[in-house]
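Worksheet for the structure shown next.
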Amino acid sequence: MELLQRGYVTSVAATAGCTTEVIQNDNWGIDVQFIRPPVVATRFETMLWAQLKSTTQITPDPQKEFFSYQFTKRQYFDHMAKVRPSIKAILIVMTVPQNQSTWTEVSHSGLLTKRSCYWVDLEGQTSEADKPTVRVPTKNLFDASALTEVLDKIDRGESLRE
């Protein structure tokens, strides 16, 4: 699942004109970094960190506002909930079918990845649970448009939440 999700987010980033850097050591709950080059060489790059989680236990219903995702460890939630003054971080949850052989479908027109990734900003959230559960909005599909919008908000100094 981890490799499938990395491929998904890397493809999305490429479509959005970004690069991805996989973080090899999981020291701060960060799995990947997105980097968007500046429009003008004298400006700064825009960066975003993400924690990647995958599950076969959830099938989001797009008719509902959100689905619930439960962290397996408290520290994973804590890494996403801390307030970061510089590089922001989001949680990206990928839902996949239980049967691995159905995760992708290939035809002459392209590669289809079954199910999708969703993102959520958890900065500042609190929970007393050992395994916190968070609400992931079904409208927050992780695609190139969403990644671009998140990076634009970071550039403008805006909150990533609606």
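Of everything in region 8-24, what is surrounded by 15 or more Cβ atoms within 10 Å (Cβ to Cβ) and at pLDDT 95 or above? Give them in sequence order. Across region 8-24, the qualifying residues are Tyr8, Val9, Thr10, Ser11, Val12, Ala13, Ala16, Cys18, Thr20. Residue check: is Phe34 in contact with a Lys or Arg (Cβ under 8 Å, 6 or more places away or on another chain) and either in contact (Cβ under 8 Å) with a residue 60 or more places away in the chain or more than 23 Å from Ser159 (Cα to Cα) (or both)? No: the conditions fail for Phe34. Of all residues assigned to region 62-75, at least one qualifies as being of a type in the set (Val, Ile, Thr) and either farther than 18 Å from Glu158 by Cα or under 15 Å from the mean Cα position of the chain (by Cα) (or both). Given the condition closer than 26 Å to Asp155 by Cα, surrounded by fewer than 19 Cβ atoms within 10 Å (Cβ to Cβ) and either in contact (Cβ under 8 Å) with a residue 40 or more places away in the chain or touching a strand residue (DSSP E or B) at 6+ places or on another chain (Cβ under 7 Å) (or both), answer yes or no: does some residue in region 43-60 qualify? Yes.
Thr113 meets all of the listed conditions (1) touching a helix residue (DSSP H, G or I) at 6+ places or on another chain (Cβ under 8 Å); (2) modelled with pLDDT of 95 or more but one, namely (2). Listed by first and then second residue, the pairs with beta-carbon distance under 9 Å, at least 6 apart or on different chains, first residue in region 117-130 and surrounded by fewer than 15 Cβ atoms within 10 Å (Cβ to Cβ), second of a type in the set (S, T, N, Q), are Ala129/Gln70. Taken as a whole, the condition of being touching a strand residue (DSSP E or B) at 6+ places or on another chain (Cβ under 9 Å) and modelled with pLDDT under 95 does not apply to Leu151. Listed here are the strands (runs of 3 or more DSSP E) enclosed by region 56-156 that have at least 2 residues being polar (S, T, N, Q): 66-70, 104-107.
The values are calculated or read from the model by the stated rules, or taken from the named source; none is laboratory data. Remember, it's a predicted structure, so these values are computed and weren't measured experimentally. Using ideal geometry, Cβ is built from the backbone for each residue, glycine included, and neighbour counts are taken over all protein chains shown.
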